[in-house]
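Bear in mind that the values in this text are calculations on the coordinates, not laboratory data. The model shown is predicted, which means the values in this text are computed figures rather than measured ones. Note that each Cβ is placed from the backbone with ideal geometry, even for glycine, and that neighbours are counted across all protein chains shown.
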């Protein structure tokens, strides 16, 4: 009898041990499970430009977060239709719990799908709509554009500067205006002529747009495009260029002056880490030069004398908050005061920019 009780007790202990061991193994497996993070890009990740800058940020996060995260990347997703919808469905099916998307045109689709997938964290670049599980993020690249305008304004000899622009949305208009204010802060006689391409990524079309501006006598070409097409056009004509997104001095060494550039790595790392820690909240982000998310690429040997000193001076003032790019008085193209002296445009006004400042030549489609 005692022997039977002992065997029964031993079996019970062994069963309990197996159960506990199984639970422990399950917990360890869960702990080792990687967080899947999706990145949706409008362009190609390995070509210098807008998407390339985001990819550098993703790689930075990958390096910092090590084996905690697994990434799923989809390139060349159009933002002019619903192409993003099946991509997001696919990423969710693959187990992605965080999804970044880097183009303005994705916003409406992402906003709807965020409601469909409440357990997924969505982060949309440059938009304006948010939910409890979706935020918008961007940087005050207009600060760096202002600085690049200073360099262009000091470099031009014809006082004609060309600007190859993508789509007539507030982000692009804001950049053109900031650049022009920078130009005219050092050269009040200079003008900035705008040509629209209605593209983000079309190297040949964007290069052709730059050529049309060069044909009009522009000797510096700036851009809000994802390709180096406008910069290549400037170099082939023996003129100067201001790039965008990343430093492309190695591609157009004889033409490149500087460029407003992005540094997404720290932001991407921070947001993913918050998800890992369970502390993520939907908080829209619009950081500036003080955060390091935007900056000006180093000035090259092509930059005019005195430009570095002026850029350094204004950079310090921007970072300290002493200088605001859109502080009045600011006039529109027709010479009307739009921002009175002593007044600074609000973020809401900046995010809905639909007019050009004095010194810009061109119209805004749809206005």
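How big is D for region 27-118, in µm² s⁻¹ as a whole number, if Stokes-Einstein is applied with the Kirkwood radius of its Cα pairs at 25 °C and 0.890 mPa s?
On the way: Rh = 13.9 Å.
Using the Kirkwood radius from Cα pairs, D works out to 176 µm²/s.
Against the main long axis of the alpha-carbon atoms of the chain, helix 307-320 sits at an angle near 50°. Does region 280-367 come out rounded, prolate or oblate, given a ≥ b ≥ c as the square roots of the eigenvalues of its C-alpha gyration tensor, rounded meaning a/c under 1.5 and, failing that, prolate meaning a/b above b/c? Cα axes put region 280-367 in the oblate bin. Principal-axis analysis of the Cα atoms of the chain puts helix 2-32 at an angle of about 10° to the longest axis. Considering only 245, 334, 177, the mean-square fluctuation computed in a Gaussian network model of the chain, springs between alpha carbons under 10 angstrom, is largest for 334. Say we join alpha carbon atoms closer than 10 Å with springs in a Gaussian network model of the chain; which of 70, 309, 47 then has the biggest fluctuation? Of the options given, 309 has the highest mean-square fluctuation.
Stretching residue 324 away from residue 212 to a fully extended chain increases their span by 37.0 nm, per 0.36 nm per residue minus the current alpha-carbon distance. Whole-percent P(r), the chain, all Cα pairs, 20 Å bins from 0: 28, 49, 14, 5, 3, 0.
If R0 is 41 Å, the Cβ-Cβ spacing of residue 254 and residue 119 corresponds to a FRET efficiency of close to 0.20. Ranked by how many other Cβ atoms sit within 10 Å of their own Cβ, fewest first, the residues 221, 364, 40 fall in the order 364, 40, 221.
Taking 0.36 nm per residue of sequence separation and subtracting the Cα-Cα distance, how much length would be gained by fully extending the chain between residue 198 and residue 317, in nm to one decimal?
Working: separation 119, 0.36 × 119 = 42.84 nm, distance 3.45 nm.
Extending this stretch completely gives an extra 39.4 nm.
Here the spin labels are modelled as points 7 Å beyond Cα on the Cα-Cβ line, and at residue 94 and residue 159 they lie 5.5 nm apart. Quick check: the angle from helix 84-93's long axis to the longest principal axis of the chain, C-alpha only, nearest 10 degrees? Value to nearest ten degrees: 20.
Length available on full extension from residue 343 to residue 355: 0.36 nm per residue minus the Cα-Cα distance, which gives 2.6 nm.
Here's the picture: a label point sits 7 Å out from the Cα of residue 68 along the beta-carbon direction, and within region 265-284 the residues with their amide nitrogen under 19 Å of it are 265-283. Spin-label pair residue 282-residue 85: with each label point 7 Å from Cα along the Cα-Cβ axis, the two points sit 2.1 nm from one another. If you take the square roots of the eigenvalues of the alpha-carbon gyration tensor of region 213-367 and sort them as a ≥ b ≥ c, do you get rounded (a/c under 1.5), prolate (a/b over b/c) or oblate? Cα axes put region 213-367 in the oblate bin.
Starting from the Cα gyration tensor of region 186-262, take the square roots of the eigenvalues, sort them a ≥ b ≥ c, and report rounded, prolate or oblate (rounded when a/c is under 1.5, otherwise prolate if a/b is larger than b/c, else oblate). Numbers along the way, then the final one.
Values: a/c = 1.31, a/b = 1.10, b/c = 1.19.
Cα axes put region 186-262 in the rounded bin.
Residues within the reach of a label modelled at residue 185 (point 7 angstrom out along Cα to beta-carbon, backbone nitrogen below 16 Å), restricted to region 144-163, are 144-155. Shown for 218, 246: other C-beta atoms within 10 Å of each C-beta, ranked fewest to most, produce the order 246, 218. For the residues 49, 175, 335, a GNM of the chain with alpha-carbon springs under 10 Å puts the largest fluctuation on 335. Among 261, 99, a tally of other beta-carbon atoms within 10 Å of each Cβ gives an order, fewest to most, of 261, 99.
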